[in-house]
Amino acid sequence: MALSEQFIDNGDIHPIDLVEHIAEHNSWEFDRITEDQIAMAVEGQWRTYSVTLAWSDYDQTLRLICTFEMEPPAHREQHLYEALNHANEKCWSGNFTWWSEQRLMVFRYGLLLGSEQYVSPEQIDTMIGAAVMSCERFYPAFQLVTWGERTPANAMQIAMNEAYGTA
């Protein structure tokens with residue numbers, strides 16, 4: 001059954017309620033922080049990602065951040081910033097940033113909705129999937145830059161483009 005088949009009129013459903021339903025559907029651990037914010041743990045191949053979605057009624061935006069901890073050596077942080085620029089050149093939706101104080105790599109995306117628009121469960125599911133997929137795609141490259149002491153350009157060669165076909 002499609003996620004949206006369980007909802008007849010999305011206009012009456014708060015976007016974070018939809019996110020909570022998706023988290024339950026996927027058996028993800030989650031915490032409803034406030035009425036407008038939810039945090040989840042989503043398991044990837046490389047690590048577990050912390051995914052937070054927040055709804056802003058003021059500007060009608062559903063914001064997503066997907067984070068994971070990194071501990072790059074101080075002498076490699078400048079190289080990490082260069083790697084972020086390379087990664088962001090390849091990302092059409094969302095972007096990476098480094099929060100050095102929190103020691104977190106962050107992928108963020110905002111879905112802007114007009115006053116008469118509603119978000120669907122499929123849109124939210126796609127947002128979460130795309131965020132985790134981007135983190136999975138670039139995680140090895142970020143590790144090669146920070147711990148493998150590879151150049152950012154060289155490390156980005158490991159970041160796979162989208163695969164097509166089957167093996």
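The values are calculated or read from the model by the stated rules, or taken from the named source; none is laboratory data. Given the structure is predicted, the values throughout are model-derived calculations rather than measurements. Counting neighbours? That spans all protein chains shown, and the Cβs are built from the backbone with ideal geometry, glycine included. For the accessible areas, the whole protein counts, side chains as well, though only heavy atoms, and no ligand, DNA or RNA atoms are used. Shrake-Rupley method; radii C 1.70, N 1.55, O 1.52, S 1.80 Å.
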- [ ] Please verify whether region 120-138 includes one or more residues that are open to solvent by less than 20 Å² (accessible area, probe 1.4 Å), in a loop (DSSP other than H, G, I, E, B) and touching a residue at least 60 places away in the same chain (Cβ under 8 Å).
- [x] no
With criteria (1) touching a Leu at 6+ places or on another chain (Cβ under 6 Å); (2) at pLDDT 95 or above; (3) over 16 Å from PHE138 (Cα atoms), THR67 comes up short on (3)
Here the residues within region 97-120 that are within 15 Å of the chain's Cα centre (by Cα) and closer than 16 Å to VAL19 by Cβ are ARG108, TYR109, GLY110, LEU111
